[in-house]
Amino acid sequence: MTDDITVPPFADLLDRDGALSGTSWGLFPEPERGTPSFITPGAVREAKNSIRTGTVFGLDYPADAFDPGMSLKRSAPRHSIYSSHPAHRDDYLDGYYLQGSSQIDGLRHRRADDVGFYNGTADELITEGTPDLGVQEWAEHPIAGRGVLVDLDGFRNGMGEPIDHEAGEPLGLDLIHSAMESQSLTTRPGDLLMLHTGWCEWFLALDPEEKQRLRESRKATGVAQSQGFVAWAWDSQFAVIAADNFAFECLPAVPGSPYRESAFNDHGMMHQQLLAKLGMPLGELWKLGPVARHMRATGQWDAFITIKPLNITGGTGSPANATAIM
């Protein structure tokens, strides 16, 4: 990492030639690191000023918290403990989906339908045991810096208009900006953006039948798909964007999503734009309720954040192992 990261604005990315249009390919000094490159050593040193009381929060739910969850395939892992002799205990997990609970999406999690994997990485390199674009990059050199929390849940509740999780409400960029203004929150290059929607706590309070019904509906609260959001995330130079909901963005994609043709396999979702084109990691299902309530009480909306994925060569994603220190 250096203290000199200069990149063009999003509008100029769109003017890049051919497959490079709308991408950050080739712009970072550490190509496989993606937008965590925005966190310079200077930004890490500055982030220590977000530690005021020494209060610490873990931002991960248990590995088996979402059982059932919204995913149609990811089930909860089975934990087994065994003993080789009376003084010994060891354990292992069966069926452990690395993105089954609080997670960070790696850069090989999504391939752009129109141009391929991040930085033009060949399809045949994205397989078990190969390192290209794997989460081990962020495990060997963890992501750490200033995190800012946008309290969308608190903002809407304060207006007397709670977010409609039952309907899977799309949350637009205007709402995010309004909440930030109400918090007098400004961002800096290299920040980790956290959006508190309240979805995880709402979902986990449902009974199993209600969870199953919601799972079958394929509706979930999240950020509304728009080029405006993608441009804002890039131009803000966020290192990571995370939320306490299933897919960060809403399900299904809004009818007006500009990515319905380019991201046809994802039905208009922004994942391909953010991961495969910009190299911007996504955090999903983060445990943000407790830290949001603490921040609301103190009036301080930033924290020192660390993210340390599992060191799995070629992992497409991982438990975030995220920590907030305030």
| message | Please go through (1) within 24 Å of residue 276 (Cβ to Cβ); (2) open to solvent by less than 10 Å² (accessible area, probe 1.4 Å); (3) not hydrophobic (A, V, I, L, M, F, W, C) for residue 189 and return the number of the only condition it doesn't satisfy. | response | (2)
| task | Grab the strands (runs of 3 or more DSSP E) fully contained in segment 72-180, keeping just those with 2 or more residues being open to solvent by less than 70 Å² (accessible area, probe 1.4 Å) and at negative phi. | result | 90-94, 103-105, 143-151
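So that you can scan it fast, the table gives a plain yes or no per residue for (1) under 14 Å from residue 193 (Cβ atoms); (2) assigned to a strand (DSSP E or B):
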| position | (1), (2) |
| --- | --- |
| 229 | yes, no |
| 232 | yes, no |
| 238 | yes, no |
| 242 | yes, yes |
| 246 | no, no |
| 258 | no, no |
| 262 | no, no |
| 269 | no, no |
| request: Only residues that are touching a Phe, Trp or Tyr at 6+ places or on another chain (Cβ under 8 Å), of a type in the set (D, E, K, R) and either without any contact (Cβ under 8 Å) to a residue 24 or more places away in the chain or crowded, with 18+ Cβ neighbours inside 10 Å (or both): list them for segment 193-235, please. | output: 211
| task | Taking only segment 5-16 into account, find how many residues are modelled with pLDDT of 95 or more and exposed (fewer than 10 other Cβ atoms within 10 Å of the Cβ). | result | 1
| note | If we keep only residues of segment 19-44 that are touching a strand residue (DSSP E or B) at 6+ places or on another chain (Cβ under 9 Å) and open to solvent by 40 Å² or more (accessible area, probe 1.4 Å), then the residue farthest from residue 231 (Cα to Cα) is 44
| Can you find a residue in segment 271-290 that is outside any helix (DSSP H, G or I), open to solvent by 10 Å² or more (accessible area, probe 1.4 Å) and touching a helix residue (DSSP H, G or I) at 6+ places or on another chain (Cβ under 8 Å)? | yes
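The values are calculated or read from the model by the stated rules, or taken from the named source; none is laboratory data. Bear in mind the structure is a predicted one, so any value in this text is a computation, not a measurement. Please note: Cβ atoms are built from the backbone with ideal geometry, for glycine as well, and neighbour counts cover all protein chains shown. For accessibility, only protein heavy atoms count, side chains too; no ligands or nucleic acids. Shrake-Rupley method; radii C 1.70, N 1.55, O 1.52, S 1.80 Å.
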